[in-house]
Amino acid sequence: MLDVRRLRLLRELARRGTIAAVAEALAFSPSAVSQQLAVLEREAGLPLLERTGRRVRLTPAAQNLVRHAEAVLERLEQADADLAEARSGLAGVLRVGSFPTATRAIVPAALVHLARRHPGLEPRVRETDPAAVAHALRAGDLDVALVHEYDFVPAPPEPGLGTRPLYGEAMYLAARAAAPTRARSCAPTRTSRGSPPPPGPSATP
């Protein structure tokens, strides 16, 4: 039987790229992460990591195992949430990430509504760069987050994370108007006697 805690380490390695980054995110030492991944390899009975100098790379078997780990961990987290709600309803600290505009325009009214429906929750809001939200959610630093996305710069899908659209807003591009082109005069040129010049080209003898 594969250990769920070690599967979580493998998933984090797939997301963060290095053992040092996994250790820093989960408050482990790099040696402890390496030892647990070595144990996971023995449990799996297959090589999971390829050493390339000081870095490691996941084998195809490890990449497949990560996909299973995503599904397993998601179901376990949902089970924990269901049990907590069954015991005493939604309660405890709720860590919310938000970008500055949403913090001012959306979050205050949402907190009032949340307090009415779930008075046992203790929301704690902190401004978070949307680019860092995925890592913060996986590391357990956040429980939920507000992010923004533009149609012309779509965000890549994040395995194991669910999203729900809340608002849509049109955006307009403002630019300086081009300078008006001066209209050329079409009026004929007058001679000294006040009559227009003869049509066609003229030559001076």
Only unsatisfied item for His135, checking (1) open to solvent by less than 70 Å² (accessible area, probe 1.4 Å); (2) modelled with pLDDT under 85, is (1)
Scanning the range 151-165 residue by residue, those exposed (fewer than 10 other Cβ atoms within 10 Å of the Cβ) and either at pLDDT 80 or above or of a type in the set (Lys, Arg) (or both) turn out to be Gly162, Arg164, Pro165
Counting only residues in the range 6-26 that are touching a residue at least 24 places away in the same chain (Cβ under 8 Å) and farther than 18 Å from Arg67 by Cβ, the one nearest to the chain's Cα centre (by Cα) is identified as Ala25
Scanning the range 150-178 residue by residue, those of a type in the set (Phe, Trp, Tyr) and assigned to a loop (DSSP other than H, G, I, E, B) turn out to be Phe152, Tyr167, Tyr172
For the range 21-44 the number of residues that are assigned to a helix (DSSP H, G or I) and open to solvent by 60 Å² or more (accessible area, probe 1.4 Å) is 7
Over the range 82-113, the set of residues open to solvent by 40 Å² or more (accessible area, probe 1.4 Å), in contact (Cβ under 8 Å) with a residue 12 or more places away in the chain and part of a helix (DSSP H, G or I) is Ser88, Pro100, Thr101, Leu111
Within the range 6-20, the residues that are more than 14 Å from Arg138 (Cβ to Cβ) and not in a loop (DSSP other than H, G, I, E, B) are Arg6, Ile19, Ala20
How many residues of the range 116-149 are part of a strand (DSSP E or B) and over 11 Å from the mean Cα position of the chain (by Cα)? The answer is 8
Within the range 45-67, residues in contact with a helix residue (DSSP H, G or I) (Cβ under 8 Å, 6 or more places away or on another chain) and open to solvent by 70 Å² or more (accessible area, probe 1.4 Å) come out as Leu46, Pro47, Gln63
Taking first residues from the range 36-54 that are over 18 Å from Arg11 (Cβ atoms) and second residues anywhere that are open to solvent by less than 70 Å² (accessible area, probe 1.4 Å) and at pLDDT below 90, the pairs with Cβ under 9 Å that are 6 or more apart or on different chains are Arg54/Thr18
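The values are calculated or read from the model by the stated rules, or taken from the named source; none is laboratory data. Since this is a predicted model, take the numbers as computed values, not measurements. Note that we place each Cβ from the backbone using ideal geometry, even for glycine, and neighbour counts take in every protein chain shown. Ligands, DNA and RNA are stripped out before the accessible areas are found, and what is left, the full protein with its side chains, is counted by its heavy atoms. Shrake-Rupley method; radii C 1.70, N 1.55, O 1.52, S 1.80 Å.
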